[in-house]
Amino acid sequence: MADFTLHDLEKRLRARAQAPAHASYTRKLLDQGVAECAKKLGEEAIETVIAAVGKDRRRLIAETADLIYHLLVVLAARGITLSEVEGELAARTRQSGLQEKASRKAGSGPAPGAGKIKTRLRQPTAREHRRAGKDT
């Protein structure tokens, strides 16, 4: 198991956010705003799903790493720390998943502001399918 943690990644991401955009992909993403960061997160989520149903274990690991990185970028763009997310997860462990879901308001709809993101989900490209092991 690696000594590198998600908190290490978050620290690195926050440091790279201070670098100039020409030298930092993280800075470049953050400069584009939350909506673009979220769009990239969605793209990575789709690639992770494709990899999950494929047969290439390494591809799934790589796509998951991309997904986690882009999730942390979105959180940073919104000023949310990994510790805050861990706190929410800890609070949810006090009851079963079924109890937690039942305690939510029925029909509460999407998260506030979710409708403001104008992103069209695209179909995976042939290359993405191949990368996920679909065409092998």
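Read-outs: derived from the displayed coordinates by stated rules, not from any lab. Quantities reported herein were computed from a predicted structural model and do not represent experimental measurements. Methodologically, a virtual Cβ is constructed for each residue, glycine included, from the backbone with ideal geometry; neighbour enumeration extends over all protein chains shown.
Before moving on, here are some points about what is shown:
- Per-residue Karplus couplings for the range 41-56, computed as 6.51 cos²θ - 1.76 cosθ + 1.60 with θ equal to phi - 60°, are listed in order as 4, x, 4, 5, 5, 4, 4, 5, 4, 4, 5, 5, 8, x, 10, 9 Hz, Gly and Pro entered as x.
- Take every pair of alpha-carbon atoms less than 8 Å apart whose residues are at least six positions apart; their mean separation over the length of the range 1-63 yields a relative contact order of 15 percent.
- Cα-based radius of gyration for the range 1-110, normalised by 2.2 N^0.38 Å, reads 1.24.
- Difference of contour (0.36 nm per residue) and Cα-Cα distance, Ala19 to Asp3: 3.3 nm
- From least to most packed, judged by other beta carbons within 10 angstrom and beginning with the fewest, His70, His22 follow the order His22, His70.
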